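A.B. asks: Quick one: the structure is below, and I'll ask about it shortly.
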Ligand code: NAD
């Protein structure tokens, strides 16, 4: 299939720049967002306006949804599925729970539509730069059809398996992130108490067995890594509420699958307290301030 017309539903912090990258790559992009200011920004990037998700879907070969959470996606697909022409490819890039995602795949298949779950990693910087990683669930044929588009929005796309496998990969990855940002923060807090400079610890751990993305790219101590939100007084980046959402999805999936990841559960509890204490809008790496206190 050569997809030339893309409907893009949800033009927020991630969807806006992703849609703009498709437009720049030569696709005709028809966008819809419930927020008027998002529609205005998208128009400046050359995206055509539709007045509903259904109206955008009717025109499209591929419909991408990039919405806050699973209930928003389910509501949007209730409109999109009956409007889309047979054979249209629906691709959800929001972060959602695995069970809802599998149900959405079934709904699309029953209507003669193809579907993928294709959540992303890489944050708003990756969305703007077109360097996202896509984790994709769905048929090999649907994945092959989407690959040219994915290449315009991201640097890497991994076909993880059948419907829901992309979301499974996403929440497992983000459970690693939730645990590792706490582990890295605890190491810096302990180092401070032992009289060790943050720079010395960073220089050792970032090239030793402690190295990981939370340390090497996202160090929670300011002044050590240029890409770290800590340098910017922990302005997001990615807000703590978003990491907590992903950790809760991982815990929900674990419960449904009969798994009990002890560190994942503990990290979820630590981030729940952090958000309850009013820090949900801060970057998640600000967890180091709570651990220090
Ligand atoms: P956002 O809140 O900035 O954007 C979501 C957009 O959806 C908003 O503009 C909102 O107005 C719009 N919207 C809500 N309901 C709608 C509807 N029914 N129809 C059309 N538009 C609707 O959120 P975001 O940061 O762009 O995140 C989107 C998704 O990507 C989330 O599922 C999030 O978990 C995931 N994600 C975000 C990041 C990140 O760093 N921001 C990273 C990876 C994954």
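A.B. asks: At residue 272 and residue 5, where each label point lies 7 Å from the Cα along Cα→Cβ, what is the point-to-point distance in nanometres?
C.D. replies: Result: 4.7 nm between the two label points.
A.B. asks: In angstroms, what radius of gyration and Dmax does the chain have, counting Cα atoms only?
C.D. replies: According to the Cα coordinates of the chain, Rg and Dmax are 19.9, 65 Å.
A.B. asks: Something else now. Roughly speaking, what is the stretch gain from residue 193 to residue 34, that is 0.36 nm per residue apart minus the C-alpha to C-alpha distance, in nm to one decimal?
C.D. replies: Details: separation 159, 0.36 × 159 = 57.24 nm, distance 4.92 nm.
So the chain would gain 52.3 nm between residue 193 and residue 34.
A.B. asks: Among 157, 127, 144, which one moves the most in a GNM of the chain with springs linking Cα atoms closer than 10 Å?
C.D. replies: 144
A.B. asks: Label residue 106 and residue 85 with points 7 Å out from Cα along Cα→Cβ: what is the distance between them in nm?
C.D. replies: Placing both labels 7 Å along Cα→Cβ, they lie 3.0 nm apart.
A.B. asks: So what's the angle, to the nearest 10 degrees on a 0 to 90 scale, between helix 165-193 and the longest Cα principal axis of the chain?
C.D. replies: Between the helix axis and the principal axis of the chain, the angle is about 20 degrees.
A.B. asks: Which whole-number percent gives the relative contact order of region 168-292, counting Cα pairs below 8 Å spaced six or more residues apart?
C.D. replies: Details: 144 pairs, mean separation 41.8, N = 125.
Taking the mean separation of contacting Cα pairs over the length of region 168-292, I get 33 percent.
A.B. asks: Now for a separate question. If each Cα of region 1-142 is one equal point scatterer, what is log10 of I(q)/I(0) from the Debye formula at q = 0.10, 0.17, 0.21 Å⁻¹?
C.D. replies: With one equal scatterer per Cα and no solvent, log10 I(q)/I(0) is -0.28, -0.86, -1.38.
A.B. asks: Could I ask something else about it? How many nm separate the modelled label positions at residue 232 and residue 172, each set 7 Å beyond the Cα in the direction of the Cβ?
C.D. replies: 3.1 nm
A.B. asks: Give the relative contact order (percent, whole number) for the chain; include only Cα pairs under 8 Å separated by 6+ residues. List each step's numbers first, then the result.
C.D. replies: Numbers: 542 pairs, mean separation 37.4, N = 293.
The value is 13 percent.
A.B. asks: For a quick check: sort 251, 39, 18 by the number of other beta carbons within 10 angstrom, fewest at the front. Don't jump to the answer; show the numbers that get you there.
C.D. replies: Details: 251 20, 39 17, 18 28.
Going from least to most buried by this count: 39, 251, 18.
A.B. asks: I need the per residue convex hull volume for region 31-99, using only the alpha carbons, in cubic angstrom as a whole number.
C.D. replies: On the way: hull volume 6.3 nm³, N = 69.
Value for region 31-99: 92 Å³ per residue.
A.B. asks: Counting only the backbone N, which residues of region 185-201 are under 16 Å from the spot 7 Å out from the Cα of residue 207 toward its beta-carbon?
C.D. replies: Once the point is set 7 Å along Cα→Cβ of residue 207, 199-201 turn out to lie under 16 Å by backbone N, inside region 185-201.
A.B. asks: Still on this structure, I have one more. Rounded to the nearest 500 deg cm²/dmol, what is the calculated helix-only ellipticity per residue at 222 nm for the chain, with -39500 (n - 2.57) per DSSP H run of length n ≥ 4?
C.D. replies: On the way: 13 runs with 151 residues, N = 293.
After summing the helix terms and dividing by residue count, I get -16000 deg cm²/dmol.
Here, each number is a calculation from the coordinates, and none is a lab measurement. Here the structure is a predicted model, which means the values were calculated and not measured. Cβ sites come from the backbone with ideal geometry, for glycine too, and all protein chains shown count toward neighbours.
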